[in-house]
1. Checking the condition of a type in the set (Val, Ile, Thr), in contact with a helix residue (DSSP H, G or I) (Cβ under 7 Å, 6 or more places away or on another chain) and not in a strand (DSSP E or B), which residue from Val205, Val159, Val183 passes?
2. What pairs can you find where one residue is in region 7-18 and closer than 18 Å to Pro31 by Cα, the other is aliphatic (A, V, I, L, M) and surrounded by 10 or more Cβ atoms within 10 Å (Cβ to Cβ), and their Cβ atoms are less than 6 Å apart, with a gap of 6+ or different chains?
3. Just one of Gly216, Gly210, Gly188, Gly231 is of a type outside the set (Ser, Thr, Tyr), crowded, with 24+ Cβ neighbours inside 10 Å and either assigned by TED's automatic domain parsing to the domain that holds Lys106 or on the phi > 0 side of the Ramachandran plot (or both); which is it?
4. Here are Val72, Val128, Val113: which of them is at pLDDT 95 or above and not polar (S, T, N, Q)?
5. Tally time: how many residues in region 168-185 are crowded, with 21+ Cβ neighbours inside 10 Å and either more than 17 Å from Ala244 (Cα to Cα) or not assigned by TED's automatic domain parsing to the domain that holds Gly242 (or both)?
6. Take Thr88 and decide whether it is of a type outside the set (D, E, K, R), farther than 23 Å from Thr246 by Cα, surrounded by 13 or more Cβ atoms within 10 Å (Cβ to Cβ) and in contact with a Lys or Arg (Cβ under 9 Å, 6 or more places away or on another chain).
7. Output yes when any residue across region 15-37 is touching a Ser or Thr at 6+ places or on another chain (Cβ under 9 Å) and at pLDDT below 85, and no when none is.
8. Given the conditions (1) under 21 Å from the mean Cα position of the chain (by Cα); (2) of a type in the set (A, V, I, L, M, F, W, C); (3) under 24 Å from Leu171 (Cα atoms); (4) assigned to a loop (DSSP other than H, G, I, E, B), which single one is not true for Ile237?
Amino acid sequence: MNESYIKDVLSKVKNGTMDDSEAFELLKELPYKDMGFANVDHHRMIRTGFPEVIYCEGKTCEQIRDIFVELVSRQEETKCGLMGTRATEKDYECVVKALPQAIYHKAARIIEVPYAKAEAKTLGSVAVVSAGTADIPVAEEAAVTAQVLGNQVSRIYDVGVAGIHRLFDKLDQIRQSDVVIVVAGMEGALASVVGGLVDAPVIAVPTSVGYGANFGGLSALLSMLNSCANGVSIVNIDNGFGAAYTASVINSKR
């Protein structure tokens, strides 16, 4: 960020040679904090509606801690909770020493730093539906992400097509949600079934759960991509975060 550049833009707005919309377009790309190993994007929320999220896998716990500390330094501006995905307990232990308010969601592998002064607000409702119990870690990544981003979340787990009566028993609850996230491994059939039963957007998450011919989630991914049910979109294998982020964007536009 260049101070004189920003002052020049503001001066032009003040004297009427630039309108506020044009100034916003110029400034919305700034600023970021160059930490040497990371460029922390403090204006992410202005551009996208949500603050930057830390992908923890592949980073050292010290890097994760330092990025969290930097993001928290501007939390009064974003007024939102912060999160890091694919985090280990070791990562959390490092972060919580610097930020005692941090929370670790073990099943989801998410570190959350809530915003204590946040007003109770809800973007919308999200139902997270898992085919089996083995899919719950990915489903929890979706559920916790959706909660941190401001959605009301319903968890409906272990209702796969091998016992489809379990799904029908929960159908009224699922239909009340603004967006439905369906998490399924094996052959991934649950997404098509749900897509044919609800009038809400369905975001399907293939998981790597399954035997050899599942190919680490590839068979579920291809089944979901070939779904004949309308209104079903698909994210990458095991990407519960991506599904919940997309659901939050949908709900933020309501």
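1. Answer to the check: Val159.
2. Listed pairs, sorted by first residue: Val9/Ala23; Val9/Leu26.
3. Within the list Gly216, Gly210, Gly188, Gly231, the selection yields Gly188.
4. Val128
5. Qualifying residue count for the region: 1.
6. So Thr88 passes the test.
7. yes
8. Against the list (1) under 21 Å from the mean Cα position of the chain (by Cα); (2) of a type in the set (A, V, I, L, M, F, W, C); (3) under 24 Å from Leu171 (Cα atoms); (4) assigned to a loop (DSSP other than H, G, I, E, B), Ile237 comes up short only on (3).
The values are calculated or read from the model by the stated rules, or taken from the named source; none is laboratory data. None of the values given here were measured: they were computed from a predicted structure. Note: ideal-geometry Cβ built from the backbone for every residue, glycine included; neighbour counts use all protein chains shown.
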